[in-house]
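A.B. asks: Handing you a structure now.
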Amino acid sequence: MKPSPFDYARPASLDLALATMAEHADSASLIAGGQSLVPLLNLRMAPSELIVDISRLLELREIRDLGDRVFLGAGLTHAMFEDGVAPDPGNGLMRKTAENIAYRAIRCHGTIGGSVAMADPAADWPAVLLALGAVAILRSEGAERRVTMNDLLVGTYETSLHQGEIIVGFEIAKLPPTARTSYIKFNKKVGAFATSLAVAVHGETTRVVIAGAGSRARILRKTSEALATGADAIACIGGDLDEIMSEPDAYLRQLHVTTITRAIGEVLGA
């Protein structure tokens, strides 16, 4: 299939992009890497009257060292993390994530901000940024706000972005050298979204996150608290999954238990 007819704009600056989105908020869609939007347009599942191309905005590829934190622009591609062009405040977690997203051709075009804005419940970056405690920086014409990843992710393909807003980047605290991370992904074939994805960060702050088990990536609260205090985190997985999974599925449940268990084992050095 081919997409419905649409107009195309490629603003020369972020301010122009924000102005364009403000003017056409009800009918415009942003495109950066286009790895998700283009297939949806071709299937006519995401009809838009105007496509606003922000892929060449250098402002969205900004990198700033803020001392104990790093600002990473939303337009940074997966390949930039894979190749070490973008810094990794997650002690190697972000690079490992990028290396395991789809195929190299997709990694060269897909962006970290586009992945979050798409909010696929099994996507890599929402889960990893949630585990790292990232804060998303959102801008609209004349305004800016900061939103935690937990508040930004709402449900399947749903975020708390307002009309006309663009994710311009993420602030992420640098993990101390002693912090340990793990990333366990199971997918049915290379290049596919994860069937189950578990991410763990263990150190001064401890979080265990699961993606693919519900409508969005979620922190496993009881499991994270147990891991942080040295209690039996494995024993808490089932209770957390009961709160997340809307439908009982023995195979998927066991798969999630396995990926989470492996992630916990990695950060504990087991």
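Each reported figure results from applying straightforward, stated rules to the coordinates on display, with no laboratory input. This one's a predicted model, so the numbers in the text were calculated from it and none came from an experiment. Every residue, glycine among them, receives a Cβ derived from its backbone with ideal geometry; neighbour counts consider all protein chains shown.
A.B. asks: Using the Cβ atoms and a cut-off under 12 Å, what net charge is assigned to the surroundings of ALA200, where Lys and Arg are +1 and Asp and Glu are -1?
C.D. replies: Counting the neighbours of ALA200, the net charge comes to +2.
A.B. asks: OK, next. With only Lys, Arg, Asp and Glu charged, each at its Cβ (+1 for the first two, -1 for the last two), find how big the charge dipole of the range 185-251 is about the Cα centre; round to the nearest 20 debye.
C.D. replies: 380
A.B. asks: Still on this structure, I have one more. By the gyration tensor of its Cα atoms, with a ≥ b ≥ c the square roots of the eigenvalues, what is the shape of the range 180-267: rounded for a/c under 1.5, prolate for a/b over b/c, or oblate?
C.D. replies: Oblate, because a/c is 1.5 or more while a/b does not exceed b/c.
A.B. asks: Let me ask you something else. Near TYR183, within a Cβ-to-Cβ distance under 15 Å, what is the net charge of the other residues, with Lys and Arg +1 and Asp and Glu -1?
C.D. replies: +1
A.B. asks: Could you check which residue among SER115, SER160, SER182 shows the biggest mean-square fluctuation in a GNM of the chain with a 10 Å Cα cutoff?
C.D. replies: Residue with maximal mean-square fluctuation among SER115, SER160, SER182: SER160.
A.B. asks: Give me the net charge for the shell around ILE166: Cβ to Cβ below 15 angstrom, other residues only, Lys and Arg +1, Asp and Glu -1.
C.D. replies: Spelling it out: positives minus negatives among the neighbours equals -2.
A.B. asks: So, one more: With the cut-off at 1.5 for a/c, could you classify the range 161-225 from its C-alpha gyration tensor as rounded, prolate or oblate?
C.D. replies: oblate
A.B. asks: Just name one of TYR157, GLY73, GLY90: the one whose Cα is farthest towards the positive end of the charge dipole of the range 58-173 (beta-carbon charges, Lys/Arg +1, Asp/Glu -1).
C.D. replies: GLY90
A.B. asks: Per DSSP H run of at least 4 residues, take -39500 (n - 2.57); add these up for the chain, divide by its residues and hand me the 222 nm value, nearest 500 deg cm²/dmol.
C.D. replies: That calculation yields -8500 deg cm²/dmol at 222 nm.
A.B. asks: Under a Cβ-only charge scheme (Lys and Arg +1, Asp and Glu -1), can you give me the dipole magnitude of the chain about the Cα centre, in debye to the nearest 20?
C.D. replies: 740
A.B. asks: Ordered by packing density, taken as the mean number of other Cβ atoms within 10 Å over each peptide's residues, highest first, how do 32-39, 142-149 rank?
C.D. replies: Listed from highest to lowest mean packing, they are 32-39, 142-149.
A.B. asks: Here is a further query. Could you put LEU40, LEU220 in order, starting from the residue whose Cβ has the fewest other Cβ atoms within 10 Å?
C.D. replies: With the fewest neighbours first, LEU40, LEU220 line up as LEU40, LEU220.
A.B. asks: For a test of the definition: using alpha carbon positions, the gyration tensor, and the 1.5 limit on a/c, classify the range 122-189 as rounded, prolate or oblate.
C.D. replies: Judged from the Cα gyration tensor, the range 122-189 comes out oblate (a/c at least 1.5, b/c at or above a/b).
A.B. asks: What size of dipole, in debye to the nearest 20, comes out for the range 7-53 about its Cα centre when the only charges are +1 on Lys and Arg C-beta atoms and -1 on Asp and Glu C-beta atoms?
C.D. replies: Using only the charged Cβ atoms, the result is roughly 220 debye.
A.B. asks: For a quick check: sort HIS202, HIS24, HIS162 by the number of other beta carbons within 10 angstrom, fewest at the front.
C.D. replies: HIS162, HIS24, HIS202
A.B. asks: Moving on. Tell me which of ALA233, GLY212, PHE193 sits at the most positive position along the dipole axis of the range 130-245, charges placed on C-beta atoms (Lys, Arg +1; Asp, Glu -1).
C.D. replies: PHE193
A.B. asks: Going by how many other beta carbons lie within 10 Å of each one, how would you line up GLU141, GLU204, fewest first?
C.D. replies: Ascending Cβ contact count within 10 Å gives the list GLU204, GLU141.
A.B. asks: Any chance you could check the Cα centroid distance between the range 148-167 and the range 1-76 for me, in angstrom?
C.D. replies: When both Cα centres are located, 15 Å separates them.
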